[in-house]
1. Pick from the stretch 577-607 the residues that are assigned to a strand (DSSP E or B) and β-branched (Val, Ile, Thr): which of them is modelled with the highest pLDDT?
2. Cβ contacts < 7 Å: first residue not assigned by TED's automatic domain parsing to the domain that holds Lys110, restricted to the stretch 10-29; second residue modelled with pLDDT under 75, any location; separation 6+ or different chain. Result?
3. Is there a residue in the stretch 340-360 that is of a type in the set (Gly, Ala, Ser) and over 30 Å from Tyr299 (Cβ atoms)?
4. Can you name the condition, by its number, that Val54 falls short on among (1) touching a helix residue (DSSP H, G or I) at 6+ places or on another chain (Cβ under 9 Å); (2) at pLDDT 75 or above; (3) exposed (fewer than 12 other Cβ atoms within 10 Å of the Cβ)?
5. Within the group Thr621, Thr674, Thr638, Thr610, which residue is at pLDDT 95 or above, surrounded by fewer than 15 Cβ atoms within 10 Å (Cβ to Cβ), β-branched (Val, Ile, Thr) and not assigned by TED's automatic domain parsing to the domain that holds Glu114?
6. Could you please let me know if Ala192 is part of a helix (DSSP H, G or I) and either in contact (Cβ under 8 Å) with a residue 60 or more places away in the chain or assigned by TED's automatic domain parsing to the domain that holds Ile428 (or both)?
7. Tell me, yes or no, whether the stretch 283-305 has at least one residue that is touching a helix residue (DSSP H, G or I) at 6+ places or on another chain (Cβ under 6 Å) and either in a strand (DSSP E or B) or loosely packed, with under 11 Cβ neighbours inside 10 Å (or both).
Amino acid sequence: MDKLKMSSENLIGRNIERIAELFPNCITEISEDGEGKRMIDFDILRQELSGTLVEGKDERYRLDWSGKRKAILTANSPIAKTLRPCREESVDFDNTENLYIEGDNLDVLKVLHETYLNKVKMIYIDPPYNTGNDFVYNDDFTEDSEEYLINSNQQDDQGNRLTANKDTSGRYHSDWLSMMYMRLKLARDLLADDGVIFISIDDNEVDNLMKISTEVFGESNFVGQFIWVKKKKGSHLSKTIRSMTEYVLCYSKNIINVELFGEAAYSDKQQPIVKRTNSIKSLVFPINTVKTTLSNGNYCKDTYGEGTSAVKFCSDFIVMDSLVITEIEVVAPFVWTQSKLDDEIRLGSEVNLSSKFGFNVLRYNQSEKIKRPSTLIDSKLGVGTNEDAYSEAISIFGKEGIMSYPKPTTLLKYLINTITYFDKDAVILDFFSGSATTAHAVMQLNAEDGGNRKFICVQLEEYTYETKKDNCKNEKGEELKDEKGKVIKKLVFDEMTGYPEIVKDSEARKAGYWTIPQIGKERIRRVGTKIKNESPLTTASLDTGFRVLKLDDSNMREVYYNPNEYTQDLITNLESSIKDGRTAEDVLFQIMLDKGVLLSSQIQLKSTLTGGQKYYVVGKTDFDKIDLICCLDDKIDTEAVKELAKLLPECCVFLDSSMESDATRTNVEQIFKTYSPNTTVEVI
């Protein structure tokens, strides 16, 4: 009976295993802290991949910056964190398939990695643009014991989790690139094989963003660069240009599998089959197959039209009641060949001869034709501007200043529709969620076309006001300083509210919103109610709810991960390996993450008929098998175990402490072998 790891996947180990499958001769071992460790012999790997060894300082085509290797290491490093459910802040928790996650998006992407690997159809992000006035994430995972206090409280050495990235900084571009690179690397793994990512950006970093995105997703998977008209009127204060547009970069997981929708082609749209740039061909049109607007009568063989678009009729023909009733042979620069013409007529395509002797066709499948999206996104496509987004925010909250620089919902609806038009059950992820425009757009689009798209929004608990900080001190009362001698600061929390004390207020805080997630969740609640009330769809078929999950440290005590570092007496005296204050549902969600069970899965709490043990059933529908059963009671009953085994779950998890002896453990395993041999039985 295996024990769950209860931590995010070690991507370094996974990558080593992949290389070992291709190049087993590149695997070596080193001794580290007295233990053997599998590693890659990069000298051999380089030789395997190149006839000419690429090493040292040889010039090569690549993008480098200070901190890139550390960014790769950080992205691959596992973490022992989890997502804890928050029912009181959720809407329709038990039935919704939408998720709103609070926490650092880098950690959240790691936590989601195993569960949502290859499952997300679309990712949209609107990250910091690195203008010199906005903020980037301060990701520092090389911390000592004193620094841990600061980072665990979501702060940097000045008390900030998000740091202003001034253009005077020596790491102005490097910090931003590292921040983005780590997140894009993890995000790529979550994309489905036919999925895409859209990234909003402006002129400041568009060039660098394209370079790192090309490195992460591959040059061949670049879909396109959209230009969004963001303003109706540009600023007149600029001495150079009026900035009217921003960019939306689009990359795919595998461009071969991607199909984007722009708009439906006109069902009655006729296409010319004579074009001056084509080679001259002779086509024979059978009797009664050519409709025409020519008047009734006999027409002599002749050349009609001028220049390279002229058509030559090789025989006389007769028109009767808007139909050419004789066979005609025509020489012209046709698009089609004779075999193509014959196939199209057989399938039902309609050939038309105009009064100016032009040949056009209405394809048999014209109603199914679509136009691909234009790279220019503007009001002609029904997409609004920043001004529209500003008005939209006021209409939602009834006052100004609640949201900062939101995107218009119409932009997100347009982007979502391009990739989900053919897959209306898709999962859409936004890990720079901000004011939750993506969630709004998903619900609105579902209401309009009957879709069942699901959103996952991720947002750091960023405060909506300037916070008060104080100097950090150790147990002796001495101020803590960083390696540069600068005093380390921490947030000063208000005992009444639980939030940091205010230095400078904001309109959002005055309205009662202390954090960005509070704004996002309230927006979803308000627009969800409005959409449901106004939608012609039945309320049962429209999901406007969301489960709130919050990033936190693991539910398991440290002894769970490193039992060898503790004495047996201490382990014996511990009542549980689960931390105090953590609920059974907290533990359930960490188990779901560990086992790769979707966090939107249906969850039912039940009791066994024999013994009364409580257990969770996860993922059961009328058509699917049960994904997971968790029984977290302190003691288990043999008859109850039989009852659970007969439900035939994919996996069943018990508390390790509930196995009173090796005999009990063996008995449980034997029961499942008898009643459900395909079930994986594990403990925590």
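1. Step one: list which residues in the stretch 577-607 are assigned to a strand (DSSP E or B), which gives 578, 603-607.
Those left that are additionally β-branched (Val, Ile, Thr): 578, 603.
Values: Ile578: 90, Ile603: 95.
Filtering the stretch 577-607 for residues that are assigned to a strand (DSSP E or B) and β-branched (Val, Ile, Thr), the one modelled with the highest pLDDT comes out as Ile603.
2. Pairs found: Ile19/Cys26; Phe23/Glu48; Asn25/Ile44; Cys26/Ile44; Cys26/Glu48; Glu29/Gly36; Glu29/Lys37.
3. First, the residues of the stretch 340-360 that are of a type in the set (Gly, Ala, Ser): 348-349, 354-355, 358.
Imposing the further condition that a residue be over 30 Å from Tyr299 (Cβ atoms) reduces the set to none.
Scanning the stretch 340-360, I find no residue that is of a type in the set (Gly, Ala, Ser) and over 30 Å from Tyr299 (Cβ atoms), so the answer is no.
4. Looking at each condition in turn, Val54 falls short on (2).
5. Working: Thr621 fails: at pLDDT 95 or above; Thr638 fails: at pLDDT 95 or above; Thr610 fails: at pLDDT 95 or above.
Exactly one residue qualifies, and that residue is Thr674.
6. Values: part of a helix (DSSP H, G or I): no; either in contact (Cβ under 8 Å) with a residue 60 or more places away in the chain or assigned by TED's automatic domain parsing to the domain that holds Ile428 (or both): yes.
In short, no.
7. First pass over the stretch 283-305, keeping only residues touching a helix residue (DSSP H, G or I) at 6+ places or on another chain (Cβ under 6 Å): 283, 289.
Checking which are either in a strand (DSSP E or B) or loosely packed, with under 11 Cβ neighbours inside 10 Å (or both) leaves us with 283.
Yes, because at least one residue in the stretch 283-305 is touching a helix residue (DSSP H, G or I) at 6+ places or on another chain (Cβ under 6 Å) and either in a strand (DSSP E or B) or loosely packed, with under 11 Cβ neighbours inside 10 Å (or both).
Yes/no matrix, rows are residues, columns are (1) farther than 25 Å from Lys399 by Cβ; (2) in contact (Cβ under 8 Å) with a residue 12 or more places away in the chain; (3) among the basic types (Lys, Arg):
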site: Lys473; (1), (2), (3): yes, no, yes
site: Leu480; (1), (2), (3): yes, yes, no
site: Ile488; (1), (2), (3): yes, yes, no
site: Leu491; (1), (2), (3): yes, yes, no
site: Glu501; (1), (2), (3): no, yes, no
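The values are calculated or read from the model by the stated rules, or taken from the named source; none is laboratory data. Remember, predicted model here, so these are calculated numbers, not experimental data. In this analysis, Cβ positions are derived from the backbone assuming ideal geometry, glycine residues included, and neighbour counts consider all displayed protein chains.
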